[in-house]
Each structure stands twice: as C-alpha cells, then as structure tokens.
Amino acid sequence: TTEIYTLSLHDALPIYWRMYQDKTVFVTGATGRIGMYILETLVDVDIKYNLNMRIVGICRNPEKAKKIFGNTLDFPNVAFIYDDINEPVEYVGKIDYIFHTAGPAAPIDYKTSSVNTLWAHVNGTHNMLECARLHNTKRFFYVSTVEVYGDCRGDSEITEKDMGPLQHLNYRACYPEAKRLCETMLTTYKQDYGLSFCGVRMSHTLGPGISLTDGRGFAEFLKDVLDGEDIVLHSDGSAVRPYTYVADAVNAMFLIMDKGEDAMYNVAANENLLSIRELAELIASLSPTGKTKVRFDGEAGNLPYLPYKLAIMDTSKIRELGWRPQVDVRHVFEWTLESFL
C-alpha cells in the first residue's frame, strides 16, 4: 500500500493519513471551536485520499451542527450522535480513534455555571475513556490547557514536566482542576487497561468560528472593533500571552496523534507573543472604520480573569516532531476579524 502524506497549511508539515483508512474516528465537542476543525479535516482527507473512514461527531445541538457543517452532514461517511457528554455514550461498532475536545472552556462559564463546567469535563472524560476501553480504541486524544500549570513563578518557560501551585478553594479552579484530573484519568487508563493516549496543552488559540461573548480578552477586543467601540483596558496591559491560529494548532494535534508519545504536548506559537496592551493596539489597528482607540480604566472588570500569571510554555517537544506555526500574529487576528465581516 502506498503511504499517503499531505503537506497541510502552506506545505509546512507532513501528516500521515493512511492510519485512518477503514477506521472509525470519534470527535467529541464536534461543534466547538477545536472539534469542528478536527472533524472537517477528517472529512477533507477522507474524500481526498479515499480512506473509507467513518467519522462520528458528538454534540448536543442538531441545529448548531447543521449551521456549522451544512451539507457535510449528508456525507455517507459522516454520522452524528446528539447527546450530553455527561451521559455514557452508546454506540454499536468499532471505535478506532477518539479526539476528545468536549467541555466548557470559556471564562464566562466558570462564573455562571462552575458546577456544570467541573462535571462536564470530569464526567465527560470518564465516559469517553470508558467508551474507549469497551471498544478497544487504538488511541485517545485529549485537548487540555496551559492552565493546568497553575501559578508558575520565574521567567523560564514551562516544560511538560513542570507544575505550579493552584488555589483550589476558588470557583474559577473548576476548569484547571478538572483538566488536571482528566489528565490523571488518561494515565490511569493506560496503567490499568493499556489505552494509548496523547494530547495538547494549549494557550490562547483562535480563528474563524470563535465566540465573541465568552469572556476572553481577545474576543472582547474583536467585538469592540466590530461594534465600533473603544477597547478599554482595566490593567496596565503588561501581561503577555502567545496567540496561536487554529489551523496551526490542529496541525499539531494530527502530528501528535501520528508520531507523538503517550504524553501531553505544549502547543503555542511563542513567536506570536504579545502583551495585552500590544494586543489591544494591534486589534484596534484592524478596525475597518479606524475609529477604535485603546483607553485605560483602573477599575477592575467583573469577568473571571486568571488570578495568577499565566505560564509561557516551552514548545520544544512538539517542535522536535517537526511542528512550526505558520501564521503570524497579525494574520491570526486579521483573518479571524475578516470571518465576522
């Protein structure tokens, strides 16, 4: 059999697709900001290389799935299960690979539904791992977060083996503590059942399809531009973050699923490192009307921002597999903004 490689995203990264031939692949959170790109990528390569995959998306809302995927839902190799991830998954047939992306990940969720955020991640991951165990799944992919590192001190970048303290007696800890527990679940299922797993810890990742009302700073700034309003900062804007385009992140995920160890990988475009103030100024400069300005207001906002310094991750491990981000920071926000215009 001829091996199939495709050079995706500006011919930058060879991805091996033959591993999915005649296989069934599950994608949870299929209408989410990461899951929808994973599912569309699988559909694209299935058609392009005649891989005869069965691609199964899991989500709660049929109307949202129709809006996002359109005619893709009519493809014979695509099926959807409309169910709450908090409930066990019922499926008859083999499941070769699982991409588990489901779970609330917006800061607004931590404030308005912290209990649901906690259990959606914990129950959802447990249910999908049980599903993988019962169906003898070959490999389980998990999407985690930089927030598992907690409050990391010092100026050195955080490797996958590092870990900082995390104040658990705080409602906002519902997200990072749940993610930590889910990662532990992966290792226990490998220990007891031999389940192969891998995954990513991501920092700020965005592209077309993001929500502009989920409480993330960059989403607020983009919404301000679209509404023709000024961007108001409630701090000095000195905190720095790397910003990764979703296509770069998804490329990393498929590369890890193919060539990665049974481990978690840091994924972030550290080339796109900006302070909050620099980010606000960049997004304001993209205003179609040119009217958006950056203003400062010392009064703190009421959104559940991180109470500690966010880690800058060491990404050498994923780069050793050949990954390089291709989209520079200006295009990350320019293309995302254009998708709304």
At LEU73 and VAL115, where each label point lies 7 Å from the Cα along Cα→Cβ, what is the point-to-point distance in nanometres?
3.2 nm
Accessible area, probe 1.4 Å, largest first, for residues GLU130, GLU90:
GLU90, GLU130
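From the square roots a ≥ b ≥ c of the eigenvalues of the alpha-carbon gyration tensor of the stretch 151-255, which class results: rounded (a/c under 1.5), prolate (a/b over b/c), or oblate?
Numbers: a/c = 2.13, a/b = 1.60, b/c = 1.33.
Prolate is the answer for the stretch 151-255, as a/c is 1.5 or above and a/b outweighs b/c.
Working out 0.36 nm times the residue gap between ASP262 and ASN52, then minus their Cα-Cα distance, what length gain in nm do you get to one decimal? Walk me through the numbers on the way to the answer.
Details: separation 210, 0.36 × 210 = 75.60 nm, distance 2.65 nm.
Full-extension gain reported as 73.0 nm.
For the stretch 99-164, just say rounded, prolate or oblate: build the C-alpha gyration tensor, square-root its eigenvalues into a ≥ b ≥ c, call rounded for a/c under 1.5, and beyond that prolate if a/b exceeds b/c, oblate if not.
Values: a/c = 3.11, a/b = 1.33, b/c = 2.34.
Oblate.
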Counting only heavy atoms of the protein chains, get the accessible area per residue of the stretch 22-101 (1.4 Å probe) and round it to a whole Å² value.
47 Å²
Rounded to the nearest 10 Å², what accessible area does LEU273 have for a 1.4 Å probe in the complete protein model?
80 Å²
Nearest 10, in degrees from 0 to 90: the angle of helix 217-227 to the longest Cα principal axis of the chain is 70 degrees
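For SER156 and ASP44, compute 0.36 nm times the residue count separating them, minus their Cα-Cα distance, and round to one decimal in nm. Let's see the in-between values first.
Numbers: separation 112, 0.36 × 112 = 40.32 nm, distance 3.94 nm.
Taking 0.36 nm per residue and subtracting the Cα distance, the gain is 36.4 nm.
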Can you give the net charge of the other residues whose Cβ lies under 14 Å from the Cβ of ILE318, counting K and R as +1 and D and E as -1?
-3
Please compute the length gained on full extension between ASN170 and THR289, using 0.36 nm multiplied by the number of residues separating them and subtracting their Cα-Cα distance.
38.7 nm
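Out of the DSSP beta bridges found with both residues in the chain, what percent are antiparallel (nearest 5)? All intermediate terms of the calculation are to be shown ahead of the outcome.
Values: 7 of 42 bridges.
Bridges in the chain are about 15 percent antiparallel.
Per residue and in Å³, how big is the convex hull formed by the alpha-carbon atoms of the chain? Can you show the working numbers first?
Working: hull volume 47.1 nm³, N = 341.
Taking the convex hull of the Cα positions in the chain, it is 138 Å³ per residue.
If we count every other residue with Cβ under 15 angstrom of GLY207's Cβ, Lys/Arg +1 and Asp/Glu -1, where does the sum land?
Working: positive: ARG33, ARG216, ARG330; negative: GLU40, ASP214, ASP248, ASP328, GLU334, GLU338.
Computed value for this residue: -3.
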Roughly speaking, what is the centre-to-centre gap between the stretch 179-237 and the stretch 104-160 when only Cα atoms are used, to the nearest Å?
10 Å
Between helix 246-259 and the chain, what is the angle of the helix's C-alpha long axis to the longest principal axis, kept within 0 to 90° and rounded to the nearest 10?
40 degrees
The long-range amide H neighbours of PHE197, using H built 1.01 Å from N in the peptide plane and a cut-off of under 5 Å, are PHE140
Any idea of HIS234's accessible area? Nearest 10 Å², probe 1.4 Å.
80 Å²
Would you work out which of THR244, PHE218, VAL329 lies farthest towards the positive end of the dipole of the chain? Charges go on Cβ: Lys and Arg +1, Asp and Glu -1.
THR244
Apply the Karplus parameterisation 6.51 cos²θ - 1.76 cosθ + 1.60, with θ equal to phi minus 60°, to every residue of the stretch 35-49 and state each ³J(HN,Hα) to the nearest whole Hz, in sequence, with x for glycine and proline.
x, 5, 6, 4, 5, 5, 5, 4, 4, 4, 6, 4, 6, 5, 10
Counting only residues 5 or more apart in sequence or on a different chain, those whose built amide H sits under 5 Å from that of ILE58 are VAL27, THR28, GLY29, ALA30, ILE81
Treating only the Cβ atoms of Lys and Arg (+1) and Asp and Glu (-1) as charged, compute the dipole magnitude of the stretch 207-341 about its Cα centre; round to the nearest 20 debye.
140 debye
Using +1 at the C-beta of Lys and Arg and -1 at the C-beta of Asp and Glu, which of ASN116, LEU341, THR205 has the Cα lying farthest in the positive direction of the dipole of the chain?
ASN116
With charges only on Cβ, +1 for K and R and -1 for D and E, what is the dipole size of the chain about its Cα centre, in debye, rounded to 20?
400 debye
Between rounded, prolate and oblate, where does the stretch 68-129 land on the alpha carbon gyration tensor, with a ≥ b ≥ c its root eigenvalues, rounded for a/c under 1.5, else prolate if a/b exceeds b/c?
oblate
Could you state the angle between the C-alpha long axis of helix 174-193 and the longest principal axis of the C-alpha atoms of the chain, as a value from 0 to 90 degrees rounded to the nearest 10?
20 degrees
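The values are calculated or read from the model by the stated rules, or taken from the named source; none is laboratory data. Every value quoted in this text rests on a predicted model; they were computed, and no experiment measured them. Here Cβ is always computed from backbone atoms with ideal geometry, including for glycine, and neighbour counts include all displayed protein chains. Heads up: the accessible areas ignore ligands, DNA and RNA and are worked out on the full protein's heavy atoms, side chains in. Shrake-Rupley method; radii C 1.70, N 1.55, O 1.52, S 1.80 Å.
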